[in-house]
Amino acid sequence: MPLYPMILSALRSAAATIRRHAASPVVRNIAIALVMLTVIGIAVGALRHILRETNWSDIRAAIERIGTARLLASLVLTVVSYIVLTGYDVVSLRIIGRRVRYPRAALASFTSYIFSHNFGFAALTGGTARLRIYRPAGLTIGEVAQIMVMAGLAFWLGVLLLFSIGLLVQPGAFVAEGLRISYGVQAAIGGAILTLLAGYVVMLHYRAGRPVRLLGWSFTLPSVRIAFVQFALGALDLTIATAALFVLLPGVTIDLFPAVLLAYLAGLVSGLITHAPGGVGVFEVVMLLALPQFDRTTLFGALLVYRAVYFLLPLVVGLILFGVHELLQWRRQPDSTASAATSGPGARPA
């Protein structure tokens, strides 16, 4: 049975189960967790199927072929990508009209992204990190929610922009096991996405700066100029992140970069949609299926190293930085409590 139809059938069945029992929050949360575990199980099974003719000695040899120079290049690009990523929160703060020092904004952006991507459930994991970091700066829960929405918007604008352009300029972008889409169809999809993005910009021209209501919250729309900055940030961040993987592929020419970029976007979005922690398994399956022109052993070895470089290593750094932040806040709390006690209405000088 072709792999894509098998995966889609399993996901449809899981989604139908959630819809049948969505009335109960407890059942819904349990169902979501079970679906996440099911997706990971399917992804692991799909990986075993894809790599059935590959043994670990071949994968280990592929990793060794990457070499120190390529590994260092990937590390440098990873650092640059995360520096660009901090711009999401900087721009979002400007949209809501709040001034926060860059180190705090950078810490909030970095930790929230790395936590949400590695642990899944971005609203809970990334949202908690942002709230803990921004509250001492005086931001309200509503303002933190606006930052999350605007930062997420910048990311998705970058995804959609690159994806639509890639569909238009990369014929045969979707040729994999069990799936083949003609260029006419993919160009139509790319053109439709670009039209939607253009419509969004036109809408901002008339409604920029006005509040909109979403799920009970009020959000301020960015100006057209800031929207273009969000487009640029998202596209640049994702392009550099893809480059951090691309340099880990030995003997690959630059003309293959657009194909890798499209596959990367598809794998990243698939992992986010399924809420699989770090997109584990899902990201690798999509990449391997979307890039049949690459040697699977070489590609899988590069994906393993990339996961360590771009996700796991930053996660360790993020946990340390967040822990230091929480420790500093805990040490300041007794001082602020004592200050409040001595300056209260009943306080008297000794």
| query | Ordering ARG331, ARG307, ARG104 from largest to smallest accessible area (1.4 angstrom probe), what's the sequence? | reply | ARG331, ARG104, ARG307
| remark: With all protein chains present, the stretch 180-268 has a carbon and sulfur share of its accessible area (1.4 Å probe) in percent of 72
| For the pair ALA192 and PHE228, how long in nm is the line joining their label points, each one 7 Å along Cα→Cβ? | 2.9
| Any idea how far apart LEU71 and VAL324 come out in nm if each label point goes 7 Å out from Cα toward Cβ? | 2.5
| said: At 1.4 Å probe size, what's the solvent-accessible area of MET148? Round to the nearest 10 Å². | reply: 60
| query | So what does THR253 come to for accessible area, using a 1.4 Å probe and Å² rounded to 10? | reply | 80
| Just the accessible area for SER270, please: 1.4 Å probe, Å², rounded to the nearest 10? | 40
| note | So the FRET efficiency between ARG180 and ILE254, C-beta based with R0 = 35 Å and rounded to 0.05, is 0.85
| request: Heavy atoms only, probe 1.4 Å: what % of the accessible area of the stretch 55-107 goes to carbon and sulfur, would you let me know? | output: 62
| request: Compute the Cα gyration tensor for the stretch 191-287, then decide on rounded, prolate or oblate, letting a ≥ b ≥ c be the square roots of its eigenvalues: rounded whenever a/c is under 1.5, prolate when a/b is larger than b/c in the other cases, and oblate in all that remain. | output: prolate
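The values are calculated or read from the model by the stated rules, or taken from the named source; none is laboratory data. In this text, all values refer to a predicted model and were calculated from it rather than measured experimentally. All Cβ positions, even for glycine, are placed from backbone atoms using ideal geometry, and neighbour counts span all protein chains on display. Areas reflect the complete protein model, heavy atoms only, side chains present, ligands, DNA and RNA absent. Shrake-Rupley method; radii C 1.70, N 1.55, O 1.52, S 1.80 Å.
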